[in-house]
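A short write-up of the structure that comes next.
The values are calculated or read from the model by the stated rules, or taken from the named source; none is laboratory data. Source: prediction; values computed, not measured. Counting neighbours? That spans all protein chains shown, and the Cβs are built from the backbone with ideal geometry, glycine included.
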C-alpha cells in the first residue's frame with residue numbers, strides 16, 4: 001500500500017500540531033526528516049530539516065511498529081509547533097518524497113478497518129466521538145468505539161452458529177439414531193438472540209436522537225412571548241422580538257446542551273388564522289415542525305386552541321408571568337421567571353426517554369437487526385415442523401448470521417464505506 005501522510009490535528013494556529021504518516025515508508029520518511037537514528041518503536045525529540053539542510057522545526061517524533069499501531073501499519077507521528085508556516089513546510093517536504101502521498105479523508109481509519117484493527121461499528125463510533133458536543137454523545141460514542149456493539153453481535157453470532165450446527169448435525173446423521181432432541185436448545189438460543197435484537201432495534205430511535213439531537217418546539221399564539229423565551233433560553237438574541245403579532249415567519253433553531261443531551265429548540269410562528277399568505281406559510285411550517293418534534297412546550301393558557309395534539313410528555317406553561325397575578329405555572333422570558341423550572345422539566349422528560357436506548361445508534365444498525373429478527377422468526381416457525389424442516393431453519397439462521405456480520409462490516413459494506421469515510425478529516 002502507499003505511504004500516506006496528513007495533518008492529524010486541527011487547522012490553524014496552536015501550541016502543537018500533529019502530522020501522521022502510515023505505510024511501509026513511514027519510518028524511513030521520518031528518518032529522512034530528522035537525519036536518521038529513529039527507533040523502530042518509541043519516542044524522541046529531534047530537529048527536522050529540509051533536503052537542503054535548513055532547519056524546519058524541533059519536535060517530538062513517535063514511531064509505532066506494525067501491527068501495533070492505529071492503522072495496523074508502520075506509523076510515525078511528528079509533533080511540531082503548531083504554526084501554519086511550520087506545518088506547511090513539513091508537509092511540503094513530505095510531499096516531495098518518493099512513494100508518499102497526501103491521505104484521503106478518513107484513509108487512516110479506513111486502513112485500520114481493512115487491517116482488522118476496528119470493525120465498521122467502531123469506525124462509526126469514532127466519527128460520532130469526533131462530532132460529539134455533549135456528555136451523552138461522548139459516552140455513547142465511547143461505548144461504540146470500545147467495541148460494545150461488535151461484542152454483542154459476536155455473542156449473537158456465536159449462539160446462532162451453535163444452534164445451526166445442532167440442526168446440521170441432525171441433518172448429517174439423519175440415517176442414524178440421534179440420542180438427543182436438539183429442538184429445545186435450538187429454540188432457546190434463537191429466542192434469546194431474537195429478544196436481544198428486538199430490544200436493541202427498539203432502542204435505536206432514542207440512541208439516534210442522542211447522536212443527532214432532540215428537537216423541542218415552542219408553540220403558542222402570536223405575541224405569546226415565544227421568541228423572547230427562546231432568547232432567554234439561548235442567552236442571546238437568536239430571534240427578532242417585537243410587540244407586533246406575526247413577527248416570526250420561519251422556524252428559528254438554537255442548539256443547546258441540556259443535562260448533557262443535545263437539544264435543538266425551535267421558535268415557531270404564532271398559530272392563528274390570517275389573510276397574510278407569507279405568514280400562513282410560516283404557520284403551516286410551524287405546525288409540521290411542532291408535530292414532528294420530540295417534545296412540545298405549549299406557551300398558552302389553553303393548548304387546545306392551537307390545533308396541535310398534546311402528547312403525554314408535552315409541557316404546558318402560562319406565558320408572560322410578569323403580567324399575571326398568579327404565576328404558579330407561568331414563565332417569562334423577559335424577567336427569567338420559571339426558566340430554570342422549564343429547563344429542568346425538559347431535561348427530565350428527555351433523560352427519562354434515554355433510559356431505553358441501547359448500543360446501536362444508526363438506521364443501518366436497525367435495518368440489519370430487523371433482517372436478522374425476520375429470519376429468526378421464520379426459523380422458529382419451521383423449527384416446530386420437526387426434523388424434516390431443519391435444513392430450512394438452518395438456512396434462515398445463516399441468513400440472520402449474515403445480517404449480523406453486515407452490522408459490524410464483515411460483509412456487504414463496500415457501498416457504505418465512501419459515504420462513511422467522507423465525513424472524516426484528512427488526518428483521521
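Before moving on, here are some points about what is shown:
- Output for the range 94-121, where each listed residue is at positive phi and either surrounded by 14 or more Cβ atoms within 10 Å (Cβ to Cβ) or in contact with a helix residue (DSSP H, G or I) (Cβ under 7 Å, 6 or more places away or on another chain) (or both): 106
Residues are listed down the side, and each one gets a yes or a no for (1) surrounded by 18 or more Cβ atoms within 10 Å (Cβ to Cβ); (2) touching a strand residue (DSSP E or B) at 6+ places or on another chain (Cβ under 8 Å); (3) at pLDDT 85 or above; (4) under 17 Å from residue 265 (Cβ atoms):
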residue: 294; (1), (2), (3), (4): yes, yes, yes, yes
residue: 298; (1), (2), (3), (4): yes, yes, yes, yes
residue: 305; (1), (2), (3), (4): no, no, no, no
residue: 309; (1), (2), (3), (4): no, no, no, no
residue: 329; (1), (2), (3), (4): no, yes, no, no
residue: 349; (1), (2), (3), (4): no, yes, yes, yes
residue: 365; (1), (2), (3), (4): yes, no, yes, no
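- In the condition set (1) in contact with a strand residue (DSSP E or B) (Cβ under 7 Å, 6 or more places away or on another chain); (2) free of Cβ contacts under 8 Å to residues at least 60 places away in the same chain; (3) under 27 Å from residue 143 (Cα atoms), residue 42 is compliant with all but (3).
- Those residues of the range 10-53 which are more than 14 Å from residue 76 (Cα to Cα) and not in a strand (DSSP E or B), in sequence order: 10, 11, 12, 13, 35, 50, 51, 52, 53
- Qualifying residue in the range 71-89 (condition: over 30 Å from residue 149 (Cα atoms), out of contact with any strand residue (DSSP E or B) (no Cβ under 6 Å at 6 or more places or on another chain) and touching a residue at least 24 places away in the same chain (Cβ under 8 Å)): yes
- Screening 119, 99 for residues that are outside the structural domain of residue 382 (by TED's automatic domain parsing) and in contact with a strand residue (DSSP E or B) (Cβ under 8 Å, 6 or more places away or on another chain) leaves exactly one candidate, 99.
- A single entry from 383, 426, 416, 404 fulfils the requirement of being buried (at least 16 other Cβ atoms within 10 Å of the Cβ), outside the structural domain of residue 107 (by TED's automatic domain parsing), touching a helix residue (DSSP H, G or I) at 6+ places or on another chain (Cβ under 9 Å) and modelled with pLDDT under 80: 426.
- If you check 33, 48, 91, 56 for being in the same structural domain as residue 109 (by TED's automatic domain parsing), surrounded by 12 or more Cβ atoms within 10 Å (Cβ to Cβ) and under 37 Å from the mean Cα position of the chain (by Cα), only one passes: 91.
- Test set (1) part of a helix (DSSP H, G or I); (2) closer than 30 Å to residue 223 by Cβ; (3) at pLDDT below 90 - residue 391 fails condition number: (2)
- The listed residue being surrounded by fewer than 22 Cβ atoms within 10 Å (Cβ to Cβ) and in contact (Cβ under 8 Å) with a residue 60 or more places away in the chain, out of 168, 124: 168
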